[in-house]
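*Asks:* One structure follows; several queries about it will come next.
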Amino acid sequence: MSTALITGVSGQDGSYLAEQLIAKGYRVLGGVRDVSRASDALPMNLREGVELVAWDMSDLSALQEVIATTKPTEIYNFAAYASGAAMFEDPLGMAEVNGVAVTRILEAIRAVNPKIKFCQASSREIFGEALESPQTESTPPSPRSPYGAAKLYADAMIRIYRHRYGMYACSAILFNHESPRRSVDFVTRKISREAARIKLGLSQELHLGNLDTQRDWGFAGDYVHAMWLMMQKGEPEDYVVATGVAHSVREFCDQAFAHVGLDYRDHVREDAASYRPSEPAPLVGSPAKAWRNLGWKPEVSFPELVHMMVDSDLRDLRFSMNN
């Protein structure tokens, strides 16, 4: 039986990966800061299938002890300070958790068992305001936030450990990926949640920034599957994980509101205080390498993703209203 240790297991990406690996027959460990709190945060269907272990990314010896005791064959790192509006709030903490802590994990693996495979959840934020589109594995990185800079540092250390020590370490450069488990702090979930609230008569308007901003949005479950495929290859490599298609915030609103029989133009207002100009080049990832080498393609379409999120919010709100 393969054993996978997933950090950030109670979050969007970690929980989807845990579900998939349990279905494949893995023993799944969840590395968390607080075992009791994380247990409550896990989806109900994972509370018996995931073994939670205390995971302190600031303590090298503690990481070594956990790895030596649990003997994982694969480690997936989703533990990170969030992106979105919080990217500039704590640059020192961002550097530590999203950057230096990844090196600490690599050091712990190297000390205990360098044959353990490691996959890092990187981010399109490493490209910043890229001047070329779509972005590929060879696009020059140019982060414009502490979040992107920390992720880029982690990517660089992964390549160093891969080349210097022959370790199986790789980065998945993830473009925007959403789901019903996405935090309400993100614009996609704000839209799906508010469309459902307006449909149920709980709200009237949604205020957003630039509706013409474009993103390459995919389904989180598809993206973590790509990460698993990366770990099954003979040699470790870094991959862009994206759909290759950009959609605007306006399109997201249109899909969400139309799904519940509403016209977004009657309810969505652009807020000048939150307005940001569009990037110089569309933030779109090229999944060509993943298609070619991994046989991976996203299965959930953009409309299906939006509808899935709205339907989930409708169910949750109706449940709350009736209880």
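No lab work stands behind these numbers, since they all come straight from the coordinates. None of the values given here were measured: they were computed from a predicted structure. So basically every Cβ, Gly included, is an ideal-geometry build from the backbone, and we count neighbours across all protein chains shown.
*Asks:* Order of 218-231, 197-210 by packing, highest average Cβ count within 10 Å first?
*Replies:* So the peptides 218-231, 197-210, ranked by packing, come out 218-231, 197-210.
*Asks:* Do you know the relative contact order of the chain, to the nearest whole percent, from alpha carbon pairs under 8 angstrom that are 6+ apart?
*Replies:* 17 percent
*Asks:* Longer than 18 Å from Cα to Cα, which of Lys117/Lys297; Lys117/Lys233; Lys117/Lys289; Lys24/Lys115 are they? Say none if no pair is.
*Replies:* Flagged as over cut-off: Lys117/Lys297; Lys117/Lys289; Lys24/Lys115.
*Asks:* About the Cα centre of the chain, how large is the charge dipole given +1 on each Lys and Arg Cβ and -1 on each Asp and Glu Cβ? Please answer in debye to the nearest 20.
*Replies:* With only Lys, Arg, Asp and Glu charged at Cβ, the dipole is about 720 debye.
*Asks:* Follow-up. Measuring from centroid to centroid over Cα atoms, what is the spacing of the range 123-201 and the range 226-260 in Å?
*Replies:* Distance between centres, Cα-based: 11 Å.
*Asks:* Would you mind putting 117-130, 46-59, 14-27 in packing order, based on average other-beta-carbon counts within 10 Å, highest first?
*Replies:* Sorting 117-130, 46-59, 14-27 by mean packing, highest first, produces 117-130, 14-27, 46-59.
*Asks:* Another one. Need the list of lysines near Lys199 for cross-linking: C-alpha distance under 17 angstrom, and skip anything on the same chain fewer than eight residues off.
*Replies:* Lys190
*Asks:* In whole Å, what are the Cα extents of the chain along the three principal axes, biggest one first?
*Replies:* The principal-axis extents, from largest down, are 59, 49, 38 Å.
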